[in-house]
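These notes are about the structure you will find just below.
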């Protein structure tokens, strides 16, 4: 099958354009529907990988440490993200726990792991085994990662509870805030140029 | 203004997943796959309109119990009560936390209702291959993609609050079935937006041009 790597079709209206180079910070938009066609990546592979490693650390903190502690008449309690998911699971609303776990634990974890795999091997100059599957999963996971919604939800919960008990932020909430910011940088971006990077390298190997 | 040609006119298909522009081979019975990422190639998302409507209507139905049934049971000092989503908003408003009341109201009423209206409009006009306000409809679709998942806020709040307040006899907060239907509604409308193909918005254009 013939392919046309020098063309790009707008994802939102199917208008076809010829690709041209964009410099850092520039965005190519569709003339018909003004959707973003592609943008210049501010991150090269090294920086991207570094931020992915940082996100992995933030992920561990966000999950292992309690997000909020409360004290109430001398009684203390604290909850991690896992406790929050478990609270849903042990209730009449239990099926929604699966979605919550996917949105705040599984999706970010997979995104970080897959990015680490793909970028780590790209940096080492090798094609990651399962590259195509990893990239597909990364693109499909994007709408299901809801760390920022969970962050806002936690803040609302803090305010809700602060009316009648003492609420203290745990280390987990800072981890989650950092994770949210880093995921915004590493996962919510145009990853398609990784295909091109990968193909260029393959091309070089063949020509060598 | 003269526009660039669309994929249909050039005899190419862009892979919906990885974006590679491929030659459109005539249908040979078996589905074509993208040579780069191996996902199925199709011009438009399959059964876009039918799936879009199905998920949207299912979401609308789930939204009814989500509002009627209690989402949370709270018992403070042995004084138990169940509250619905709107009840929670009113409580915040009455206690003077207007900002929080507004945030919850937007996430649990504003965003879902906008989604129902916008997706309904998009599906209806795309079905009729309307060429009305195409640019604006395209923009509306992108708005829905952007704000859609913020409705999950309520589910997260209930989960965190229920995980924290667990003091056996003194105070307990537990999720109730309403939050399940609410979460279900959010998922169904997300799926509806994902099934809808924004390219359909522009497909009325060529009909219009050929009639003129």
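Rule-based calculations on the coordinates, nothing more; no lab input. All values reported here derive from a predicted model rather than from experimental measurement.
Computed over chain B, the Cα gyration tensor eigenvalues convert (square root of 5λ each) into semi-axes of 44, 19, 14 Å, ordered from largest to smallest.
For segment A:43-207, the spread of Cα coordinates along the three principal axes comes to 73, 31, 20 Å, biggest extent given first. Under the shape rule built on the C-alpha gyration tensor, where the axes satisfy a ≥ b ≥ c, segment A:73-115 is oblate, since a/c reaches at least 1.5 while a/b does not exceed b/c. Here the Gaussian network model covers chain A, with springs between Cα atoms less than 10 Å apart; of A:54, A:157, A:107, A:157 fluctuates the most.
Over what distance in Å are the Cα centres of segment A:100-162 and segment A:1-72 separated? The distance from the Cα centre of segment A:100-162 to that of segment A:1-72 comes to 13 Å.
For the Cα trace of segment B:1-43, dividing Rg by the Kirkwood Rh returns an Rg/Rh value of 1.02.
Computed over the alpha-carbon pairs of segment A:152-203, the distance histogram in 10 Å steps reads 20, 29, 20, 15, 11, 5, 1 percent, short to long. By the gyration tensor of its Cα atoms, with a ≥ b ≥ c the square roots of the eigenvalues, what is the shape of segment A:1-40: rounded for a/c under 1.5, prolate for a/b over b/c, or oblate? Oblate, since a/c reaches 1.5 and b/c is not below a/b.
With the convex hull built on the Cα atoms of the protein assembly as shown, state its orientation-averaged projected area in nm².
The orientation-averaged projected area of the Cα hull of the protein assembly as shown comes to 23.1 nm².
Between A:130, A:175, A:120, the Gaussian network model of chain A with springs among Cα atoms under 10 angstrom shows the greatest mean-square fluctuation at A:130. When each pair of different Cα atoms in segment B:75-135 is counted once in the 1/r mean, what is the Kirkwood radius in angstroms, to one decimal? Mean inverse Cα-Cα distance, inverted, gives 14.4 Å. Can you bin segment B:12-86 into rounded, prolate or oblate? Criterion: square roots of the alpha carbon gyration tensor eigenvalues sorted a ≥ b ≥ c, rounded for a/c under 1.5, prolate for a/b above b/c, oblate for the rest. The shape class here is prolate. Centre-to-centre separation between the Cα atoms of segment B:39-59 and those of segment B:61-104: 34 Å.
A P(r) calculated from all alpha carbon pairs of segment A:1-91, with 5 Å bins opening at zero, reads 3, 10, 11, 11, 10, 9, 8, 10, 10, 8, 5, 3, 1, 1, 0 percent.
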